[in-house]
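Notes for the one structure printed next.
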Amino acid sequence: MFRKRMPALTFVLAAVVLAAGLVPAYRPALAQQASPVAPTRAQAQMVVREAYDKFRNETGGKNADYIPVLAQVDSKLFGVAVATTDAQLMAVGDTDYSFSIQSISKVYSQALAMEELGPDVFFQKIGSEPTGRAFNSVFAVADMPTHTGNPLVNAGAIATVSLISAKSADEKWSKILDFYSKAAGERLKLIDEVYKSEAATNTGNKALSMLLAKYDRIYGDPFESVDVYTKQCSVGVTVAQLARMGATLANNGKNPWTTEQLIKPDNVPYILSTMMMAGLYDGSGGWSWKVGLPAKSGVGGGIVAVVPGKGAIAVFGPPLDEAGNSVKAQKVIEYIARRLDFNIYSPRSVGLKASAVASSK
Ligand code: GLN
């Protein structure tokens, strides 16, 4: 046999070289982290820069103003970050600015509740049906058989918070903040002025919580759940932190930087499926059609898109479209996803080129 004829020292040397990842062809199999069809760092860097330059002067949309403090955020702020499952980060623009995570938080509270309850109970208590309505719709709660709709609209997200176990509201809040911080791989903080501004004006969310109580679809004190929910929405993130949070989902629930297995791998596909169906609210169908990536937006101006097995793209630009999704972020992610073949519905996303698809017939 080949191995028997090989002198022992050569064999040991070969093993060391392979283990150190010096032979690129063996690296993915050994490390189990980089997707074999992920773009190279140079390609990704070039495309991120192209997207940033192409859309930096985009002026469409308008800052959210129903949370008063968000209207004051500089509309020109713009940052783009890509984080990969093998722990590489590329970021351009306003990468140090901390904006409020808003509805993107809902994904990570869903993940936390699912860690405790498992997918079946979570699905039964919340559901995962798109509402086809605005994110804060009262009609959806009244009309839908589940009332909660899904965990990514306000009603479903408030009910999700009510499901997370804790002895007090403070304990629940610190559990949530801890979980988000672990997903980002860095300690995150509340932006107090955003929390105060929303807490002073969130009558609509309080109404949703009472309506859920009428249907027995909230599982704790309604106003307390709204308050913890308001805090989770006011967590500050930079685009880099948000991209890392996305990469944790792309990497089967394991943070590529800290290597902590934060989310059970079996839960990840459920979470990504909810994001695809409802992550951009009533803009989700159009988004799935054009981009084909599970994503989540927030009215603070952020969007994170997850590329399973490869990484995540996070973009921040405050002006929003009618559905409440950042205009710049949608354009940038669509551009990057097309250039790098990220659409998960395309055979090209797993490395099949058009010619290979045709010739296999
Ligand atoms: N905190 C916001 C709200 O409850 C979140 C909405 C969003 O980002 N779409 O209205």
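The values are calculated or read from the model by the stated rules, or taken from the named source; none is laboratory data. Keep in mind that what you see is a predicted model, and the values were worked out from it rather than measured. Please note: Cβ atoms are built from the backbone with ideal geometry, for glycine as well, and neighbour counts cover all protein chains shown. For the accessible areas, the whole protein counts, side chains as well, though only heavy atoms, and no ligand, DNA or RNA atoms are used. Shrake-Rupley method; radii C 1.70, N 1.55, O 1.52, S 1.80 Å.
Within the range 276-286, if we keep just the residues that are open to solvent by less than 10 Å² (accessible area, probe 1.4 Å) and of a type in the set (A, V, I, L, M, F, W, C), the residue that is nearest to ALA83 (Cα to Cα) turns out to be LEU280. Sub-6 Å Cβ pairs linking a first residue in the range 151-180 that is in contact (Cβ under 8 Å) with a residue 12 or more places away in the chain to a second residue that is surrounded by fewer than 24 Cβ atoms within 10 Å (Cβ to Cβ) and of a type in the set (Phe, Trp, Tyr), at least 6 apart or interchain, are SER162/TYR219; LEU163/TYR219, ordered by first then second residue.
What pairs come up if the first residue lies in the range 93-121 and is on the phi > 0 side of the Ramachandran plot, the second is within 16 Å of the ligand (Cβ to nearest atom) and not in a helix (DSSP H, G or I), and their beta carbons are under 7 Å apart, counting only those six or more places apart or on different chains? Short answer, once both residue conditions are applied: GLN102/GLY298; GLN102/VAL299; GLN102/GLY300.
It is to be established whether one or more residues within the range 110-117 are under 24 Å from GLY309 (Cβ atoms), within 16 Å of the ligand (Cβ to nearest atom), within 18 Å of the chain's Cα centre (by Cα) and at pLDDT 95 or above. Yes, the range 110-117 contains a residue that is under 24 Å from GLY309 (Cβ atoms), within 16 Å of the ligand (Cβ to nearest atom), within 18 Å of the chain's Cα centre (by Cα) and at pLDDT 95 or above.
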